[in-house]
Structure formats: structure tokens, C-alpha cells
Ligand SMILES: *Cc1c(COP(=O)(O)O)cnc(C)c1O
């Protein structure tokens with residue numbers, strides 16, 4: 001039951017389009033794409049060009065946290081479209097002040113730099129850390145220490161910071177100034193710190209790396225090491241931020257305060273936007289002319305950011321993510337308890353991972369056929385990222401489909417009996 005197999009046919013006759021004479025795409029093949037073209041979305045649901053309907057537990061990779069086409073945000077976007085799209089950062093942009101105040105009033109940060117993506121936010125964080133040490137503190141420090149399995153973006157600096165070999169292949173030489181150590185290995189971290197170290201950067205939950213939460217004790221030790229050695233603590237909240245984990249920012253679960261943290265994915269409901277936030281004492285490091293980007297915090301982007309953040313706060317979406325996340329993980333644990341194929345079910349709020357014994361790519365494809373969209377986090381981990389308004393009924397539907405899929409797959413994979 002509850003299978004979404006009876007996908008609605010739009011009756012447009014577009015099915016014929018599935019067998020065209022294949023012309024090579026004019027797009028670089030840098031993405032491995034699924035064979036689905038999504039053309040419409042509303043709330044938790046998306047539709048493809050053939051009229052098939054899907055329950056979306058991907059959310060554009062933690063981006064559309066208010067669901068697809070959220071009305072309040074859409075209304076503000078339309079209003080702004082008729083008012084002003086873009087002006088240069090050579091002028092004051094009042095909505096930037098508004099968004100910056102919303103973000104700093106609700107976090108440990110005192111100021112914000114606006115940009116357009118997660119990689120750019122992390123790039124700005126790395127630049128700020130170096131410049132703070134070199135221009136404010138008058139030291140030559142430049143090195144940033146990161147962790148294995150982390151993900152920080154695809155620019156040359158952020159892919160170097162990323163603790164995964166696959167994003168670095170073929171891009172040599174990589175910029176100097178980065179060291180990567182194993183997560184939760186305090187002696188290795190201590191040994192990596194030198195007189196050149198400027199900052200330690202990490203995610204609270206390594207999302208791309210397998211939905212791995214950083215152990216609170218390790219995090220405390222990292223925070224202490226930063227204080228002891230005068231290093232800046234940079235928290236990459238690009239995926240964990242904006243309510244996803246059950247707090248507005250994931251660091252708020254742990255009683256630590258980063259010097260710098262970064263945001264992007266969930267910050268503007270799908271409008272491209274990012275932000276780098278920092279403590280007051282970092283202010284002098286970014287003097288006029290030191291860092292810039294043409295599209296950062298335009299009137300259009302900040303209108304959408306403001307509407308997104310206000311909606312999140314008004315509707316208490318972080319709290320909602322915590323409650324629904326607990327419900328979803330609880331249900332998964334109950335329904336998958338009989339399977340030794342499932343090694344772990346973990347997560348924080350609505351960032352959830354199901355670690356399996358073998359690669360789960362085929363389960364993702366089978367899910368698409370059943371009308372449920374989700375992704376992986378590394379080869380063996382299923383990652384669930386529903387929107388923060390997701391209903392109990394939608395969670396029940398998704399878990400029914402997932403449970404059946406994983407049971408079927410586990411049986412096939414290991415000949416294991418399921419009860
Ligand atoms: C997605 C992601 C990034 C990169 O963001 P882009 O907007 O794709 O540049 C950086 N860090 C983390 C933790 C992410 O999940």
C-alpha cells in the first residue's frame with residue numbers, strides 16, 4: 001500500500017519524447033544525471049515532464065527547505081521583481097542590512113558577507129581567516145586544517161580543503177595551505193597544528209561524507225585547541241544550517257561558538273545565495289576593497305533570503321525539523337530493525353542517513369520508480385532531506401516505500417530472510 005506507482009499521466013503524449021535520435025548534449029557532462037526531467041514543484045511534491053509525481057526527500061540537496069514554490073517567499077520575490085533586481089555593492093542595499101540583522105540576532109556572529117554559493121562562502125571564510133592573521137594579528141599564518149570525509153566545495157581552495165580524494169583528481173597543482181586529518185583523531189589534529197596554522201574548519205554533521213555527526217567531546221577539544229593556539233574555528237553550515245538539523249544553525253546544539261560560519265543551501269529557498277558570518281573582532285580584516293563579488297546580496301537575493309528566514313523563524317521550522325526528524329528516524333528504526341543489511345540509522349533533525357552493507361545506488365533508482373526521490377551520501381549511505389514542513393502522512397508514505405525497497409534489496413543482496 002501507499003506506493004506512488006500509479007503515477008499520474010499528464011496525457012500530453014510527451015512519452016514519445018523518450019526515444020529521440022540522440023544528439024549530443026550541449027552541456028558539459030560533469031554531472032551524472034538521473035533519467036528524469038522535473039518540471040513542476042509544490043510543497044513536498046515534484047512532477048516530471050511525463051506527468052509522474054514524486055515525493056521529494058532530496059529538496060535540491062537541502063536547498064528547498066520550505067518546500068517547492070513557497071507562497072510567502074514567492075510573493076516577496078514577485079514584488080521585488082517589479083521594484084529592483086540588481087545594484088552594485090558600491091551602494092547601500094537596505095535588505096542586506098535586514099538579512100544580516102536577522103542572521104546575527106539569531107547567532108553568535110556579528111557581521112555577514114553575502115555571496116552566491118556554499119563554495120564561495122567557504123572561500124570567503126578561508127580568505128578572512130588568512131587576512132585576519134596576516135593583516136590584523138601581523139603573523140604569517142595561512143594554513144587551514146580540515147578533516148577526512150568532509151566536503152567544502154568545488155573551487156580550487158575549497159576542493160583542496162575537502163577531505164575526499166575524488167574531487168581533487170586531475171586538478172593539480174592544488175593551492176598550498178591546507179592539511180587534512182582523520183576525524184575524531186585528536187593526536188593527529190594536535191600534531192598538524194604549527195606556527196603556520198590559521199584555522200580549523202569542519203562540518204557539525206559531515207553530510208556529503210556519509211551523514212556523520214561530529215562527536216561533541218571531539219568538538220569541544222577542537223574548540224579548546226583553537227583558543228589555546230589562537231586559531232579561528234570555522235564551521236561549514238552550508239548543508240546543516242537554516243534549521244535543517246533542528247536548530248537554526250547546527251553548532252547551536254553543542255555549546256560552542258565558531259569564529260566564522262558559512263551558509264548557503266537552505267538560505268533562500270532555491271534562489272542562489274550564500275553568506276559568511278563572523279565575530280566582531282574579525283571586522284577589521286575585511287576592509288574596503290579586500291573582498292568582493294558582483295552578485296552577493298543583491299536586492300533580489302536579499303528579498304528572498306529575508307522572506308525565507310522570516311518564514312523559518314515565524315513557523316518555528318528548526319523546532320519542527322527536530323520533532324519530525326525524531327519521528328522519521330524512530331519510524332525507520334522500527335521498520336528496518338529486522339535487517340542486518342542496515343548497519344546504522346543516524347542523523348540530526350531532517351538530515352538523515354541510513355548506512356547499509358553495500359552500495360545503495362540501485363535503491364535510489366528503485367525509489368524513483370516508486371515515486372520517492374532521495375540521494376546517497378557516499379556509496380553505502382541513503383540520505384534523506386525532506387523539506388522542513390514535511391507532514392507525518394508524507395513521512396509515513398516515504399518510510400513505507402523505503403522499508404519495502406530496502407527489504408527487497410536486502411533479500412536479493414544477501415539472501416537474508418526478512419520477517
Ligand atoms: C553543498 C556544500 C558546499 C558547496 O556548496 P555549493 O553551493 O555547491 O558551492 C560546501 N559545504 C557543504 C557542507 C556542502 O554541503
Please work out which residue is surrounded by the most Cβ atoms within 10 Å (Cβ to Cβ), limiting yourself to region 152-167 and to residues that are outside any loop (DSSP other than H, G, I, E, B) and within 11 Å of the ligand (Cβ to nearest atom). 161
Where residue 333 falls short, out of the listed (1) out of contact with any strand residue (DSSP E or B) (no Cβ under 9 Å at 6 or more places or on another chain); (2) surrounded by fewer than 15 Cβ atoms within 10 Å (Cβ to Cβ); (3) not assigned by TED's automatic domain parsing to the domain that holds residue 76: (1)
Sort out for me the helices (runs of 4 or more DSSP H) sitting completely within region 297-395 that have 1 or more residues that are under 30 Å from residue 78 (Cβ atoms) and in contact (Cβ under 8 Å) with a residue 24 or more places away in the chain. 299-314, 317-336
Considering only residues that are on the phi > 0 side of the Ramachandran plot and in a strand (DSSP E or B), which ones fall in region 41-62? 43
Mind checking whether some residue in region 98-113 is at pLDDT 95 or above, in contact with a helix residue (DSSP H, G or I) (Cβ under 6 Å, 6 or more places away or on another chain), within 16 Å of the ligand (Cβ to nearest atom) and closer than 19 Å to residue 248 by Cβ? yes
Residue 127 vs. criteria within 16 Å of the ligand (Cβ to nearest atom), surrounded by fewer than 22 Cβ atoms within 10 Å (Cβ to Cβ) and over 26 Å from residue 211 (Cβ atoms): yes
Select from region 187-199 the residues that are out of contact with any helix residue (DSSP H, G or I) (no Cβ under 6 Å at 6 or more places or on another chain) and not in a helix (DSSP H, G or I) and write down the one among them that is surrounded by the fewest Cβ atoms within 10 Å (Cβ to Cβ). 195
Looking at (1) within 16 Å of the ligand (Cβ to nearest atom); (2) under 29 Å from residue 213 (Cβ atoms), find the lone condition where residue 171 falls short. (2)
I'd like to know if region 177-186 contains one or more residues that are part of a strand (DSSP E or B), over 13 Å from residue 351 (Cα atoms), touching a strand residue (DSSP E or B) at 6+ places or on another chain (Cβ under 7 Å) and away from the ligand (no atom under 15 Å from the Cβ). yes
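So that you can scan it fast, the table gives a plain yes or no per residue for (1) assigned to a loop (DSSP other than H, G, I, E, B); (2) over 16 Å from residue 202 (Cβ atoms); (3) outside the structural domain of residue 293 (by TED's automatic domain parsing); (4) modelled with pLDDT under 95:
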| site | (1), (2), (3), (4) |
| --- | --- |
| 120 | no, yes, no, no |
| 124 | no, yes, no, no |
| 129 | no, no, no, no |
| 150 | yes, no, no, no |
| 169 | yes, yes, no, no |
Say we look at region 132-142 and pick out the residues that are surrounded by 20 or more Cβ atoms within 10 Å (Cβ to Cβ) and either within 17 Å of the chain's Cα centre (by Cα) or in a helix (DSSP H, G or I) (or both); which of these is nearest to the ligand (Cβ to nearest atom)? 132
In region 82-112, how many are more than 25 Å from the chain's Cα centre (by Cα) and either surrounded by 12 or more Cβ atoms within 10 Å (Cβ to Cβ) or not in a helix (DSSP H, G or I) (or both)? 12
Would you check if there is a residue in region 198-205 being over 20 Å from the mean Cα position of the chain (by Cα) and either assigned by TED's automatic domain parsing to the domain that holds residue 323 or away from the ligand (no atom under 16 Å from the Cβ) (or both)? yes
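The values are calculated or read from the model by the stated rules, or taken from the named source; none is laboratory data. The structure displayed is predicted, hence computed values, not measured ones. When we count neighbours, we look across all protein chains shown, and the Cβ atoms used for this are built from the backbone with ideal geometry, even at glycine.
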